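Below: one structure, written as structure tokens.
The values are calculated or read from the model by the stated rules, or taken from the named source; none is laboratory data. Keep in mind it's a predicted model, so treat the numbers as computed, not measured. Cβ placement follows ideal geometry from the backbone for every residue including glycine, while neighbour counts extend to all protein chains displayed.
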């Protein structure tokens, strides 16, 4: 099992969700977050006072999948989020040890989908 | 008694009241999320607390029968003798009670203006004690000097149409004293978060602008041509100042900013306050443009150079803008606008400028000294600042046990 974390541009979310759905991966957790990568942030100015270390709004997706779905999942995100510009984001893939479905108590491979 | 005048001053009183919640949102949007309620609460507390102070004591000290030019006596305490009949000394065509409640709104907003300088770090209990004593020991005397019959600055010929000296210079310099006595917020200036809700600040500025028509045009105390002139000069000066600040931002910081534009507009409203019923509409443009240039310089460079934490620029905008407005009244005042006023320097009477400068100086010195001593005394008795840990957690939770926003339902 893999736990896939992706940081993408907020305006690419709809595209990515559609692609994931097409690959039979409908289960996803999405949150708004702030961050900066090589794109850096845009510093803000309030009454001439510069706020250093600006951050940009990003969207974070977290998806838990069985091993055979990992590659399609990464492809779906990459295809949906890539524009070719700096700031498209990153995907992190982690090994996932356990998974429990709260309603039934089922575990691991069965519980994940 | 005139029904039109009475109707207008009643409506204007409601407009001026609205400025204090407007100010609450103007300031509230500029603080961090954890302190929004503390600012709104302080503003509302001023409405409730100062209203009672005014009725019981403040109105009599400010406008009651004069004692040697310094203060009103206590014969109007509890509104004794302040009834439905006009008081011809102040406003011959409206009920005395209506004049009293119009002035009450000014007494409320003045201490509320000061909180911009000590936002995010003052104990609420100390704030209440400070504000009550400040209203009694600073606002009421200065109000009497400038507007009270027999008041010493009024007798010397200083003109202040709607409270540039009494309200803005007074609150502005007191704000500087509080910023100096309380010290900087933790993390100032390099580790501060940006304003948490600029749209709130814009909404607040809009309400201030709207309410200011009552503040300035209402100060004509009648529904007449003078009220119209004050209304128009108020609007023109605010517009000129907002525009000027935006252009300065554009030129100096490369981008016009929303915060800059509303800061300029408020500075313009401050500057035109003493002049509104004494200057012509076209001269209001110069007063508005001038105030933004001066305040921009102060807020952007002077404050940074000296390093005091006037958190929301109460001194930078109200103090400095108020000083400019009072002096500018001595430059552009014009008897063709208001025969009861005076001619300024540009209309052949340089003496008026000096009289204005003297009134400014007297207000600055008295307000600063008394505020400074008052703060030191309160600090010694009960402390002014919250603990460092409480400051980090935020005043909403530590002073009021409430949160402005929920993040998780």
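Observations
- Residue, surrounded by the fewest Cβ atoms within 10 Å (Cβ to Cβ), within the range B:234-269, restricted to residues that are over 15 Å from residue B:204 (Cα atoms) and at the interface with another protein chain (Cβ under 10 Å from one of its Cβ atoms): B:254
- So residue B:198, is it within 14 Å of chain A (Cβ to nearest Cβ), at pLDDT 95 or above and over 18 Å from the mean Cα position of the chain (by Cα): yes
- The range A:78-113, residues that are in a strand (DSSP E or B) and without any contact (Cβ under 8 Å) to a residue 12 or more places away in the chain: A:100, A:107
- Note on the range B:331-406: enclosed helices (runs of 4 or more DSSP H) holding 3 or more residues that are touching a helix residue (DSSP H, G or I) at 6+ places or on another chain (Cβ under 6 Å) and crowded, with 18+ Cβ neighbours inside 10 Å are B:350-382, B:395-400.
- So residue B:289, is it away from chain A (no Cβ under 14 Å), out of contact with any strand residue (DSSP E or B) (no Cβ under 8 Å at 6 or more places or on another chain) and at pLDDT below 95: no
- Among the residues making up the range B:146-181, those that are over 25 Å from residue B:309 (Cα atoms), more than 17 Å from the chain's Cα centre (by Cα) and assigned to a helix (DSSP H, G or I) are B:152, B:153, B:154, B:155.
- Any chance residue B:226 is more than 14 Å from chain A (Cβ to nearest Cβ), touching a residue at least 40 places away in the same chain (Cβ under 8 Å) and in contact with a strand residue (DSSP E or B) (Cβ under 7 Å, 6 or more places away or on another chain): no
- Summed over the range B:304-321, residues that are within 12 Å of chain A (Cβ to nearest Cβ), touching a helix residue (DSSP H, G or I) at 6+ places or on another chain (Cβ under 8 Å) and surrounded by fewer than 23 Cβ atoms within 10 Å (Cβ to Cβ) total 1.
- Across the range B:175-194, the number of residues qualifying as in contact (Cβ under 8 Å) with a residue 24 or more places away in the chain and either more than 14 Å from chain A (Cβ to nearest Cβ) or touching a strand residue (DSSP E or B) at 6+ places or on another chain (Cβ under 6 Å) (or both) comes to 10.
- Taking the numbered list (1) surrounded by fewer than 24 Cβ atoms within 10 Å (Cβ to Cβ); (2) touching a strand residue (DSSP E or B) at 6+ places or on another chain (Cβ under 9 Å); (3) away from chain A (no Cβ under 14 Å) in turn, residue B:130 passes all entries but (1).
- Condition check for residue A:77: in contact with a helix residue (DSSP H, G or I) (Cβ under 8 Å, 6 or more places away or on another chain) and surrounded by 14 or more Cβ atoms within 10 Å (Cβ to Cβ): yes
- Strands (runs of 3 or more DSSP E) wholly inside the range A:1-62 that include at least 3 residues being within 14 Å of chain B (Cβ to nearest Cβ): A:29-35, A:44-46, A:49-51
- Extreme residue, surrounded by the most Cβ atoms within 10 Å (Cβ to Cβ), among residues of the range A:54-67 that are more than 14 Å from residue A:93 (Cβ to Cβ) and over 9 Å from the mean Cα position of the chain (by Cα): A:58
Residue-by-condition table, conditions (1) out of contact with any helix residue (DSSP H, G or I) (no Cβ under 6 Å at 6 or more places or on another chain); (2) surrounded by 15 or more Cβ atoms within 10 Å (Cβ to Cβ); (3) over 25 Å from residue B:8 (Cβ atoms):
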| residue | (1), (2), (3) |
| --- | --- |
| B:61 | no, yes, yes |
| B:71 | no, yes, yes |
| B:75 | yes, no, yes |
| B:88 | yes, no, no |
| B:92 | yes, no, no |
| B:95 | yes, yes, no |
| B:102 | no, yes, no |
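- Here the condition is being touching a helix residue (DSSP H, G or I) at 6+ places or on another chain (Cβ under 7 Å) and farther than 28 Å from residue A:108 by Cβ; of A:45, A:65, A:16, it holds for A:45 alone.
- Some residue of the range B:280-289 being more than 23 Å from residue B:264 (Cβ to Cβ) and over 22 Å from the mean Cα position of the chain (by Cα): no
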